[in-house]
Amino acid sequence: MRDINEIYLNGAFVTPHGAVRAPLFNPATEAQIGTVRLGNEADVDAAVAAARSAAALAASLSVVDRIRLLERLAQAVSSKADALAAAMRLEYGAPPQFTRFSIERLPDVFLSMADTVRDYPFVRTVGRARVSMQPLGVVAAITPWNSDIGFICTKLATAVAAGSPIVIKPSEMSAIQTQAIAEALHDAGLPPGLLGIVNGYGAVVGAALSAHPDVAKITFTGSTATGRGILRAAADSFKRVTLELGGKGPTLILDDADLDQAIPIALANGFMNSGQACIAGTRILAPRARLAEIADRLRAGAAAFKVGGPDDPAARIGPMVSEKQWARVQSYIRLGLEEGATLLTGGEGRPDGIAHGWFVRPTIFAGVTNQMRIAREEIFGPVLCLIACDDEADAIRIANDTPYGLQSYVLSSDPDRARRVADQLQAGRVLINGATHDPLAPFGGFKQSGIGREYGVFGLDAFLEPRAVLG
């Protein structure tokens, strides 16, 4: 059993005022593996006060000093890669490929932001005005459980680059991973107060941060429903907000796509992070003339996505993070059948041969219309919908017929055509033919997928306020 009894405050690990304990589980076994002592409003006040006391120092750091801090942070997470991966395997249960990718890219989170800040025009002349980009002050970050370590590092990197201290409330279900990354970040030797981490429930710690009068900005990654609440709480004090919220991403398979290449990409996009990803391409839009062939290939291709625990090198889909999440996904599979969709593969219950753990059978529904709830609501599990389209224009219409707009995918053998289609999609990012993440490209959503952008210059802009001086 691992008991997490401390939060990170003013450069040290300290006991929180809160006394509530939450259980921690291994989702691959359902066994309780520890507890975490949660912070409360008093801990938020202490963390924000420490951050506020560090705000002047953070703002005064030169570009060179900020780059050095980012490089030290990159080195710190790199040196603790094994411990970070072990924590992720134990508490999140992701397949080895996802854990390896997540941990290996951590140093680049800091180094790409160092490259951004190196060339960023903090002072510029616009017309007759001298415009300087000013730090906002204390930033609060609220991060989810589906990539705990990565989100903490991304938001910290941007705050350091902007010259703002940051207080982070991670998911209480990820406390072992949070402790591992906090220990790594501590080794970087940040100035006291520049980073605070308070474990706690969203309704307690998250709410206190969202309403705190000394917090200038909220950056949140999570569900659209929670984002609405944060936006309302931030409105009273006109906090700046960056909200990266839910998604129901479409994967458009155009009629000229090479299915030998397109089908594996479509499945990888849909089943990424065991389906627990806001950017997953969970709606597969296929030309009606090729629907039967695409359905057959999807069914056959899904068989290659083995379900298994974090120590199974062949596993490509891991467990759901909790029993509650497992039950939620099961309810949507039942709903799909009730709505009249047909199972192409998968279905309710655990995969054959697995008796324990919150594992879901990779599921694909055919006969789906875009008005079904399984096609409109974010399920957050390995459940995909195959939707027929009459032609390219119909595919674009269906792709955009959603309250979300985070990430979309286009698969075509004609790059020019794919770009033309991409330009018509209402999404913050569009990936063509398996293109991968670019840490300098802006990331965020249209419509109910969020407000603002992260990464690179656009992410740094969101942490700064322009001040114009004339005369």
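The values are calculated or read from the model by the stated rules, or taken from the named source; none is laboratory data. Because the structure is a prediction, the values reported are computed rather than measured. All Cβ positions, glycine included, derive from the backbone under ideal geometry; neighbour counts span all protein chains shown.
Considering F463, F458, F443, the condition of being modelled with pLDDT of 95 or more and closer than 25 Å to R283 by Cβ is satisfied by F443 alone. Applying the selection to segment 217-232, what residues are touching a helix residue (DSSP H, G or I) at 6+ places or on another chain (Cβ under 9 Å) and either crowded, with 21+ Cβ neighbours inside 10 Å or part of a loop (DSSP other than H, G, I, E, B) (or both)? Across segment 217-232, the qualifying residues are K217, I218, T219, F220, T221, G222, G227, I230.
Residue-wise test of (1) in contact with a Ser or Thr (Cβ under 7 Å, 6 or more places away or on another chain); (2) of a type outside the set (A, V, I, L, M, F, W, C); (3) at pLDDT 95 or above.
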position	(1), (2), (3)
P192	no, yes, yes
I197	yes, no, yes
Y201	no, yes, yes
A207	no, no, yes
A216	no, no, yes
T226	no, yes, yes
L243	no, no, yes
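One residue alone among I374, I379, I317 is among the aliphatic types (A, V, I, L, M), surrounded by 20 or more Cβ atoms within 10 Å (Cβ to Cβ) and touching a Gly at 6+ places or on another chain (Cβ under 6 Å), and that residue is I374. Might you let me know whether segment 141-148 holds any residue that is of a type in the set (A, V, I, L, M) and either buried (at least 20 other Cβ atoms within 10 Å of the Cβ) or under 17 Å from R240 (Cα atoms) (or both)? Yes, the conditions are met somewhere in segment 141-148. Just one of (1) out of contact with any helix residue (DSSP H, G or I) (no Cβ under 6 Å at 6 or more places or on another chain); (2) touching a residue at least 12 places away in the same chain (Cβ under 8 Å); (3) part of a loop (DSSP other than H, G, I, E, B); (4) surrounded by fewer than 21 Cβ atoms within 10 Å (Cβ to Cβ) trips up G367, so point out which. Evaluating G367 over (1) out of contact with any helix residue (DSSP H, G or I) (no Cβ under 6 Å at 6 or more places or on another chain); (2) touching a residue at least 12 places away in the same chain (Cβ under 8 Å); (3) part of a loop (DSSP other than H, G, I, E, B); (4) surrounded by fewer than 21 Cβ atoms within 10 Å (Cβ to Cβ) leaves (3) as the failure.
Which residues, counting only those in segment 90-110, are surrounded by fewer than 19 Cβ atoms within 10 Å (Cβ to Cβ) and part of a helix (DSSP H, G or I)? Across segment 90-110, the qualifying residues are Q97, R100, F101, E104, D108.
For the structure I just gave you, tell me whether S132 is among the hydroxyl-bearing types (S, T, Y), surrounded by fewer than 20 Cβ atoms within 10 Å (Cβ to Cβ) and within 27 Å of I218 (Cβ to Cβ). Spelling it out, S132 is indeed among the hydroxyl-bearing types (S, T, Y), surrounded by fewer than 20 Cβ atoms within 10 Å (Cβ to Cβ) and within 27 Å of I218 (Cβ to Cβ). I432 meets all of the listed conditions (1) more than 26 Å from S112 (Cα to Cα); (2) without any contact (Cβ under 8 Å) to a residue 24 or more places away in the chain but one, namely (1). Of everything in segment 1-13 that is at pLDDT 95 or above and farther than 13 Å from Q179 by Cβ, the residue that is surrounded by the fewest Cβ atoms within 10 Å (Cβ to Cβ) is A12. L440 falls short of the stated requirement of being in contact with a strand residue (DSSP E or B) (Cβ under 6 Å, 6 or more places away or on another chain) and either outside the structural domain of A141 (by TED's automatic domain parsing) or crowded, with 19+ Cβ neighbours inside 10 Å (or both). If you go through segment 19-60 and keep only what is exposed (fewer than 14 other Cβ atoms within 10 Å of the Cβ) and farther than 24 Å from V204 by Cβ, you end up with A31, A56, S60.
Can you name the residue in segment 70-89 that is touching a Gly at 6+ places or on another chain (Cβ under 9 Å) and surrounded by 19 or more Cβ atoms within 10 Å (Cβ to Cβ) and, of all such residues, is farthest from S322 (Cα to Cα)?
A76
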